[in-house]
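What follows is a single structure, written as structure tokens, with notes after it.
Every number here is computed from the coordinates shown, using simple stated rules; none is lab data. Note that the structure is predicted; figures quoted are calculated from it, not measured. Using ideal geometry, Cβ is built from the backbone for each residue, glycine included, and neighbour counts are taken over all protein chains shown.
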Amino acid sequence: MTDAAAVALPSPVAILGGGSMGGAILSGLLAAGVPDLRVTTRTPTRAPQPAEGLAVLIAEQDVGANRTAVAGARVVVVAVKPAGVPALLAEIADALEPGTLVVSVAVGVRIASMVAALPDSVVVFRAMPNTPSAVGAGVTGVAAPPEGRPEDVETVAAVFRTVGTVVQVAEDRIDALSSVSGSGPAYVYLFLERFIDAAMRLGFDADEARALVVGTADGALRLLADSGEDPAELRRRVTSPKGTTERAVAVFEQRDLGGIFDEALAAAIARAQEIAAG
Ligand SMILES: NC(=O)c1ccc[n+]([C@@H]2O[C@H](COP(=O)([O-])OP(=O)(O)OC[C@H]3O[C@@H](n4cnc5c(N)ncnc54)[C@H](OP(=O)(O)O)[C@@H]3O)[C@@H](O)[C@H]2O)c1
């Protein structure tokens, strides 16, 4: 995990593609008070609202929008869909200042392919945020190029720290990280869905089941954070020998929950490799 010691936030920052993920990162940077932000979208439909210190540029209305946004930027976040990355990089390549840190969040787009599309004078990073970034509670993996300088890694990490926690990994670990934290929110929601369904089969109505299950999950996570204990220790404290919880936990373990996780993560990694191979 990167050191959260105060690292000056970079400015200007350009976010190319202010959609769900780009918009979440933009909110974090706005809240952190970065003085010069630029964001682009293709159409005006979902464009972020202009704010003090924020320029909103629409590519459909201004063919130079992305080039204007990156001019003089210290950090450029590429947050368009993966299929749009090659054309976007070709568009901005000669408008980037030497030394600009270009960081892509596009799933499956490798650092080497971006390096090949951009001038040698810029430094290319890859990041893998997750959806809780939208509420400032994300987990982002940041991968630096082999020659990446520690101060540049810190600058990129500082951007993503405005929307949560940052973990630095080697690029060849990004698919593994994505199978855990990128896809992870879906595993948590699936668990909650099945848990709520089971509560309803016991006769609770939908509102009651949601209150019981989501309230329990929220409380358990808060207790985990506040206590600083390991999940295993907190589980042991709820699980009295020969008690009811012990019986229930044994059912999960008989189904080899750990093995199910291994299989699920391996499936996500295999799919990431298929996507990267085209
Ligand atoms: N959402 C996630 O949880 C998540 C997690 C990790 C990584 N990512 C990555 O984040 C990237 C964006 O995903 P998303 O879910 O945020 O998609 P999204 O909501 O569709 O956002 C894409 C944005 O790019 C804009 N755009 C498209 N072409 C453009 C261009 N030529 N110039 C400027 N802006 C352009 C779109 O504008 P319009 O809306 O006007 O078309 C939209 O604002 C993807 O590469 C994805 O792999 C997403």
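Rounded to the nearest 0.05, the FRET efficiency derived from the C-beta distance between A170 and S240 at R0 = 41 Å is 0.40.
Normalised by residue number, the volume inside the convex hull of the Cα atoms of the chain is 158 Å³ per residue.
Among the helices of the chain (complete DSSP H runs), which have Cα atoms covering no less than 15 Å along the helix axis and a Kyte-Doolittle mean of at least -1.0?
On the way: long enough: 20-31 (17 Å, 1.55); 150-161 (16 Å, 0.14); 184-201 (26 Å, 0.48); 206-227 (31 Å, 0.41); 244-254 (16 Å, -0.15); 257-277 (30 Å, 0.90).
Membrane-span-like by this criterion, though nothing is claimed about a membrane: 20-31, 150-161, 184-201, 206-227, 244-254, 257-277.
Mean residue ellipticity at 222 nm, helices only, the chain: -14500 deg cm²/dmol; runs of at least 4 DSSP H residues each add -39,500 (n - 2.57), and the sum is divided by the number of residues.
Here the range 18-44 is scanned for amide nitrogen atoms under 14 Å from the site 7 Å beyond the Cα of A8 along Cα-to-Cβ, giving 34-36.
Extending 7 Å from Cα along the Cβ direction at A211 and again at E229 yields two label points whose distance is 2.7 nm.
Using a simple spin-label model with pseudo-atoms 7 Å out from Cα toward Cβ, I58 and L257 lie 4.9 nm apart. Fully extending the segment from D94 to S20, taken as 0.36 nm per residue of separation minus the present Cα-Cα distance, adds 23.9 nm. Extension gain for K81-F191 works out to 36.8 nm (0.36 nm per residue, less the C-alpha to C-alpha distance). Computing FRET efficiency as 1/(1 + (r/R0)^6) for E274 and T43, where r is the C-beta to C-beta distance and R0 is 30 Å, gives about 0.50.
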